[in-house]
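Only the coordinates and a few stated rules stand behind these numbers; no lab work does. This is a predicted model, so every value here is computed, not measured. Quick reminder, even Gly has a Cβ in these numbers, built from the backbone with ideal geometry, and neighbours come from all protein chains shown.
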Amino acid sequence: MTWFRRGREDAAPPPPEEDEDAPDELRRRLWELVQFINRNAGQLPVEAVVLARRVTDRIREVIETSADRPLDVYAVVQVNGVVNDYLPTTLRAYLALDPAVTGSAGPSGRTPREALREQLEALGDAADELYEAARAHDVDALFSQGNFLRTKFTRSDLDL
């Protein structure tokens, strides 16, 4: 019955798909974000670098809770949102501005530098709450926090 297997003997099995939500993969993408922040540190206000790194440090702590128990799906969604969208988008929006306007007040009455600080502080607070909810395995808090993050950061306040 080997004629049913012809052509299949030499075929290698497909490589296993990587789990994009696995803690190691989340850590890898977080490390890429840290490197992005570090590369752009000279173009960002010093306090923005400190605040952004505070967010990445707290998100790392959220990921590390997976050593005790698997990350809840809501925690993974929020970590992905912060790492892949909210934090890099906030920083890129500021970096795309002409440096001459970063100290000038816009229509909102705030400067882009102030708006950046406010957004990074909000992300820091959200990361703190995410950590507490993930550590306590509080699904309701994780779900609520995810809604807040999506509402707050789907459009940057830096869009002047």
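Tabulated data for the structure shown
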item: Net length gained if the chain between Glu47 and Glu61 were fully extended (0.36 nm per residue, minus Cα distance); result: 2.9 nm
item: Theoretical gain in end-to-end length, Val73 to Ala100 [0.36 nm per residue, Cα-Cα removed]; result: 5.5 nm
item: Segment Glu132-Glu20, length gained on full extension (0.36 nm per residue, minus Cα span); result: 38.0 nm
item: Cβ-based exposure ranking for Ile37, Ile59, in which fewest neighbours within 10 Å come first; result: Ile37, Ile59
item: Phi to ³J(HN,Hα) by Karplus 6.51 cos²θ - 1.76 cosθ + 1.60 over region 111-126, Hz, x for Gly, Pro; result: 7, x, 4, 5, 5, 4, 4, 4, 5, 5, 5, 5, 5, x, 4, 5
